[in-house]
Structures are given as structure tokens and as C-alpha cells.
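Okay, structure first, notes after.
The values are calculated or read from the model by the stated rules, or taken from the named source; none is laboratory data. Keep in mind it's a predicted model, so treat the numbers as computed, not measured. Here the Cβ positions follow ideal geometry from the backbone for every residue, glycine too, while neighbour counts run over all protein chains shown. Surface areas here come from the heavy atoms of the whole protein model, side chains and all, with no ligands, DNA or RNA. Shrake-Rupley method; radii C 1.70, N 1.55, O 1.52, S 1.80 Å.
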Amino acid sequence: PDATVSVDSWESQELSDHFRAHHDGYRRLDVPVIHQREFVLEKASESLVIHDIFQGKGEHAFEWNFHLGLYVSMQQNDLTSLTMRTDGNLVRLVFDPRLSLEVCESSFSPSYGIIVPAQSLRFTWKGIIPCTPFTFHFSLQ
């Protein structure tokens with residue numbers, strides 16, 4: 001059976017937009033997990049915050065992959081932040097200190113039938129849920 005996606009809330013205001021949804025695509029696991037994701041677009045600071053919440057029990061391994069475009073370069077600043085550059089724009093990503101980061105070779109398709117090499121940011125964590133939400137904060141510099 002396919003996963004069911006549900007929108008929990010969607011609110012647009014003058015200073016920020018909030019979107020929260022969840023899916024049950026991991027219900028087939030021996031110990032099921034519900035994944036809820038919240039996006040907060042902070043308009044004044046031109047930043048995007050992503051909160052991931054996992055509902056369930058027991059130990060699980062989680063992996064997040066953020067695929068970078070062809071002309072995106074990346075530099076890790078410290079253990080919990082990095083800066084990405086593309087077309088003269090700088091984007092800073094601050095991520096949850098519980099996460100491990102690996103930069104992986106990958107690819108993406110800018111148009112049908114075209115595959116080009118690129119990089120992905122792979123974050124991993126293994127631990128007991130429920131736990132506090134995981135946060136990724138992207139901001140223009």
C-alpha cells in the first residue's frame with residue numbers, strides 16, 4: 001500500500017508562512033514510524049526552517065539527503081553549519097548537532113534525459129524515538 005500524506009496546517013502571514021504535513025509511509029516497519037515535517041518561511045530574514053518530527057517507539061536509523069545543483073559549491077564552517085554558494089548567492093545551513101554529515105557524489109537531471117554529476121549532503125542519526133525534533137535552518141547571507 002502507498003503512503004498516505006496529510007496536510008496538518010498551512011498558514012500564510014505577513015512575516016512568515018507555516019506548512020506542516022505528515023505521512024505514514026513507514027508504517028510497514030516492524031515498529032512503525034510517522035514522519036511529520038514543518039516548514040517555516042521567515043520572510044524578513046529570508047530564511048527557511050525545516051523541523052522533522054518522528055513519532056513511534058524504539059531505535060531507528062534516519063537519513064536525510066539534500067541534493068545540490070550543478071553550480072553549487074559547499075564549505076563546512078564547523079560541526080553544525082556549512083555555507084553553499086551559487087551564482088553569487090550565499091546560503092548558510094545550520095543543522096542539528098545530533099546529526100552526522102557526509103558529502104556524497106550524486107547526480108541530478110536538469111532536463112529530461114540529461115544526467116549530470118553533482119553532490120548531496122547526507123545527514124544521518126541513529127537513536128531512540130520519540131525525541132525532540134530535528135532542525136535544518138537555511139538562511140541567505
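Every residue in segment 9-47 that is more than 26 Å from G127 (Cα to Cα) and surrounded by 11 or more Cβ atoms within 10 Å (Cβ to Cβ), please.
Across segment 9-47, the qualifying residues are W10, S16, D17, H18, F19, L41, E42, K43, S45, E46, S47.
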Query raised in the report: Right, G69: open to solvent by less than 70 Å² (accessible area, probe 1.4 Å), small (G, A, S) and over 17 Å from the mean Cα position of the chain (by Cα) or not?
Result: no
Query - Failed item in (1) surrounded by 12 or more Cβ atoms within 10 Å (Cβ to Cβ); (2) touching a residue at least 60 places away in the same chain (Cβ under 8 Å); (3) over 20 Å from D17 (Cα atoms), with S139 passing the rest - result: (3)
**Report entry** Yes/no for D78 being more than 29 Å from A3 (Cβ to Cβ) and among the acidic types (D, E)
**Finding:** yes
Report task. For residues that are surrounded by 14 or more Cβ atoms within 10 Å (Cβ to Cβ) and touching a His at 6+ places or on another chain (Cβ under 9 Å), scanning just segment 101-124, find the one that is nearest to G56 (Cα to Cα). Result -> L121
Query raised in the report: Using beta carbons and a limit of 9 Å, which pairs, at least six apart or on different chains, have the first residue in segment 22-38 and under 15 Å from A61 (Cα atoms) and among the hydrophobic types (A, V, I, L, M, F, W, C) and the second one assigned to a loop (DSSP other than H, G, I, E, B) and open to solvent by 50 Å² or more (accessible area, probe 1.4 Å)?
Result: V31/K57; V33/R27; V33/K57; I34/R27
Query raised in the report: Looking only at segment 78-99, which residues are in a strand (DSSP E or B) and without any contact (Cβ under 8 Å) to a residue 40 or more places away in the chain?
Result: D78, S81, L82, M84, R85, T86
**Report entry** Where a residue in segment 1-15 is closer than 17 Å to L41 by Cα and without any contact (Cβ under 8 Å) to a residue 40 or more places away in the chain and its partner, wherever it lies, is assigned to a loop (DSSP other than H, G, I, E, B) and open to solvent by 70 Å² or more (accessible area, probe 1.4 Å), with Cβ under 7 Å and at least six apart
**Finding:** L15/K43; L15/A44
Report summary line: Going through (1) open to solvent by less than 60 Å² (accessible area, probe 1.4 Å); (2) in a strand (DSSP E or B); (3) touching a residue at least 40 places away in the same chain (Cβ under 8 Å); (4) within 22 Å of V103 (Cα to Cα) one by one, I53 fails only at (4)
